[in-house]
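The values are calculated or read from the model by the stated rules, or taken from the named source; none is laboratory data. Here the structure is a predicted model, which is why all the values come from computation and not from measurement. Please note: Cβ atoms are built from the backbone with ideal geometry, for glycine as well, and neighbour counts cover all protein chains shown.
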Amino acid sequence: MNVTLPPELERFVQDKIKSGLFDSEAEVVRAALRLMEDQDRPILWAEGSIREKIAAGLASLKAGQGVDGEAVFERMETEMDEEEARSRS
């Protein structure tokens, strides 16, 4: 695989090699890709988790187990009001 980098990234790669941290351009690129992979892993996990929750919610709705949205918001408001009242006491 051949990759063309803009001049500033080419300098960055060369600086990493000159620093002695890496022996080759390929090592720098591999390290960068590993970091990207590590950064992406939690995001991919979260996306999968969210998709699972959405699928479970849709299945509940299809099974007639949904809840009234207005009732949920009213309950949340009541709970927040109660918590606020407790914190003032």
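Looking at the chain, what helices (runs of 4 or more DSSP H) fall wholly within it and have at least 3 residues that are modelled with pLDDT under 90?
On the way: elements: 7-18, 25-62, 69-88.
Ranges flagged: 25-62.
Could you please give the count of residues in region 15-61 that are of a type in the set (Phe, Trp, Tyr) and loosely packed, with under 11 Cβ neighbours inside 10 Å? Talk me through it step by step, then tell me what you get.
So the first thing to find is which residues in region 15-61 are of a type in the set (Phe, Trp, Tyr), and the list is 22, 45.
Then drop every residue that is not loosely packed, with under 11 Cβ neighbours inside 10 Å, which leaves 45.
Residues flagged as of a type in the set (Phe, Trp, Tyr) and loosely packed, with under 11 Cβ neighbours inside 10 Å within region 15-61 amount to 1.
Under 30 Å from Met1 (Cα atoms), surrounded by 11 or more Cβ atoms within 10 Å (Cβ to Cβ), touching a Lys or Arg at 6+ places or on another chain (Cβ under 7 Å) and not hydroxyl-bearing (Ser, Thr, Tyr): does that describe Phe12? Steps first, please.
On the way: under 30 Å from Met1 (Cα atoms): yes; surrounded by 11 or more Cβ atoms within 10 Å (Cβ to Cβ): yes; touching a Lys or Arg at 6+ places or on another chain (Cβ under 7 Å): no; not hydroxyl-bearing (Ser, Thr, Tyr): yes.
Answer is no for this residue.
Could you tell me whether Glu70 is among the acidic types (Asp, Glu) and surrounded by 10 or more Cβ atoms within 10 Å (Cβ to Cβ)? Show your work before the answer.
Details: among the acidic types (Asp, Glu): yes; surrounded by 10 or more Cβ atoms within 10 Å (Cβ to Cβ): no.
No.
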